[in-house]
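Below: one structure, written as structure tokens.
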Amino acid sequence: MPEQEVEIVEVGARDGLQNEPEVVPTATKIALIERLVAAGARRIEVASFVHPKRVPQMADAEAVVAGLPVRPDVTYIGLVLNERGLERALATRDAAGHGIDEIGLVAVAADGFGRANQGMDWQTSVESACRIARRAAADGMRTQATVSVCWGDPFEGEVPLARVIEIVTRLAEAGLAEIALADTIGVAVPVRVTALFERAREAVPNVRLRAHFHNTRNMAIANCWAAHETGVRVFDASLGGLGGCPFAPKATGNVATEDVVYLFERSGIATGLDLEALIATNHWLTEKLGRPLPSMVGRAGGFPQARGDGSSQARGCARS
Ligand code: ZN
């Protein structure tokens, strides 16, 4: 089996933890990222360089990055919403090239969420993302962007498909080689996922499209499959299904990494991730946060192993 047929970008340490009511200690964030790397994660969102007053949970971004395992084979992503954020992310790079490896930018597809999340309308957010993308490229930084609320806005409802396509086209013109379509509030259903990704692929055939789903209405895993059927091969997911968004009322977690890995691996599609190690990390984090995490596979465990085979049984025990 090839090492990796789909790529999972682990966003639990950022999109996941940023919505936790209690501030998670820096050491716990670093330990989580170490465990994710050990489980096979090779692209990980580790921090958000936003103003600490807006997202207090991310105030230790620099400290988290300074404590990351030095792994040239792992790409560490920092989320950046403005020029100041870009400067902070770039400043984490040391002479040896350690620090943030990739910038994640955000554009919004609707004014409602845009004003709440970034204090700007969708047009301004797209212009800002394009401007920062050009600056990051000039600084030799690998950069990608996520378009928020592509399938619906928490304040305005419907988001026109044509507008999302216009945004994706403009981001591609700014040089972004990878763009995620995000269902920030978990309202998408598979038919609409298919429609939007197919149109986006036609509009920007040379861009790598990534899917970012939240499981607010239990549709995320079905949406992942629909996106995969259209040719999407990069998926954001968060360990345990952690997450939410402080600026999107009632938004809940990202699709759970364990669930996505189970979906693909049982379908014969390699993810490069070790499900049992992820489930063990889920249990470890459950203890740290003091509450169960939403992931269904995290609770149920992976596919049952035949009894009588010592090695398989040992793996089955990882759920206890
Ligand atoms: Zn998200």
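Here are a few things to note about the model shown:
- Condition check for Cys150: in contact with an Asp or Glu (Cβ under 9 Å, 6 or more places away or on another chain), hydrophobic (A, V, I, L, M, F, W, C) and not in a loop (DSSP other than H, G, I, E, B): no
- The stretch 239-251, subset more than 10 Å from the ligand (Cβ to nearest atom) and either more than 19 Å from Thr286 (Cα to Cα) or surrounded by fewer than 23 Cβ atoms within 10 Å (Cβ to Cβ) (or both), residue modelled with the lowest pLDDT: Pro246
- Hits in the stretch 261-283 (condition: part of a helix (DSSP H, G or I) and out of contact with any helix residue (DSSP H, G or I) (no Cβ under 7 Å at 6 or more places or on another chain)): Phe264, Arg266, His283
- Cβ-Cβ contacts under 9 Å between residues 6 or more apart (or on different chains), taken from a first residue in the stretch 170-199 that is under 14 Å from Thr230 (Cβ atoms) and polar (S, T, N, Q) to a second residue that is at pLDDT 95 or above and within 16 Å of the ligand (Cβ to nearest atom), are listed as Thr194/Ala227.
- Within the stretch 137-163, residues that are under 30 Å from Leu90 (Cβ atoms) have Cβ atoms under 6 Å from residues that are assigned to a loop (DSSP other than H, G, I, E, B) and within 14 Å of the ligand (Cβ to nearest atom) in these pairs: Val147/Ala109; Ser148/Thr184; Val149/Ala109; Val149/Thr184; Cys150/Ala109, counting only partners at least 6 apart in sequence or on another chain.
- Entry remark, the stretch 73-108: residues being over 20 Å from Ile132 (Cα atoms), modelled with pLDDT of 95 or more and surrounded by fewer than 17 Cβ atoms within 10 Å (Cβ to Cβ) number 1 in total.
- Taking the listed residues Arg208, Arg192, the one that is surrounded by fewer than 17 Cβ atoms within 10 Å (Cβ to Cβ) and more than 15 Å from the ligand (Cβ to nearest atom) is Arg208, with no other qualifying.
- From Gly67, Gly40, residue being at pLDDT 95 or above, surrounded by fewer than 18 Cβ atoms within 10 Å (Cβ to Cβ) and not hydroxyl-bearing (Ser, Thr, Tyr): Gly67
The values are calculated or read from the model by the stated rules, or taken from the named source; none is laboratory data. Values in this document were obtained by computation on a predicted structure and should not be read as measured data. Positions of Cβ are generated from backbone atoms using ideal geometry, with glycine treated the same way; all protein chains shown enter the neighbour counts.
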